[in-house]
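Below is one structure, written out as structure tokens; the observations come after it.
Throughout, read-outs are computed from the coordinates displayed, never taken from laboratory work. Keep in mind it's a predicted model, so treat the numbers as computed, not measured. Here the Cβ positions follow ideal geometry from the backbone for every residue, glycine too, while neighbour counts run over all protein chains shown.
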Amino acid sequence: SPGDLPVSGRIIRRFGEPRKSGKNAMGLSIQSRPGSTVVTPKDGRVVFAGPFRGLGKLLIIEYQAKYHLLLAGLARIDTEVGENVLAGEPVGTMTTSQGRESALYVELRRDGQPINPLPWLTAGKPKVNG
């Protein structure tokens, strides 16, 4: 469900989908409204926060020492390296300029290898009935 994503929005590219370059996507792209808040999906520790070539502002959060979540395309980062962040905690904001496409790129690496973030994002969530 969309509530499990780091930003509310619509997935416009899924893991493994071909990109224009011909290579397969290593992560998800989520289209969000300008100014949307980005949250950490699980408890983790910030290991990188800042501009990164071609990715805008990049945040990397480490989980249980073997998972790293890359969140790229942020307009603003609201946390810093070394901080422990809790599930659902705001860590940044998408661009606020109207009319500009605002897409968050989400990549999950396990032991350095990109894997599909969706099963990991939705794992351990209580299933809500009704």
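General observations
- Among 83-90, 59-66, the peptide with the highest mean count of other Cβ atoms within 10 Å heads the list, and the full ranking is 59-66, 83-90.
- Eigenvalues of the alpha-carbon gyration tensor of segment 1-43, scaled by 5 and square-rooted, set the equivalent ellipsoid semi-axes at 22, 12, 8 angstrom, largest first.
- Relative contact order (percent, whole number), the chain, Cα cutoff 8 Å, 6+ residue spacing: 27 percent
- R0 of 25 Å, Cβ-Cβ distance Asn84-Phe48: FRET efficiency to nearest 0.05: 0.95
- Shape descriptor for the chain: Rg over Rh equals 0.94 (Cα atoms; Rh from the Kirkwood inverse mean 1/r).
- Within a Gaussian network of the chain (alpha carbon springs, distance under 10 Å), most fluctuating of Val38, Val91, Val81: Val81
- Within the chain, helix-based [θ] at 222 nm, where runs of 4 or more DSSP H residues each add -39,500 (n - 2.57), nearest 500: -1000 deg cm²/dmol
- Annotation: amide H of Leu74 within the under-5 Å range of Lys57, sequence separation 5 or more or interchain, hydrogens built in the peptide plane.
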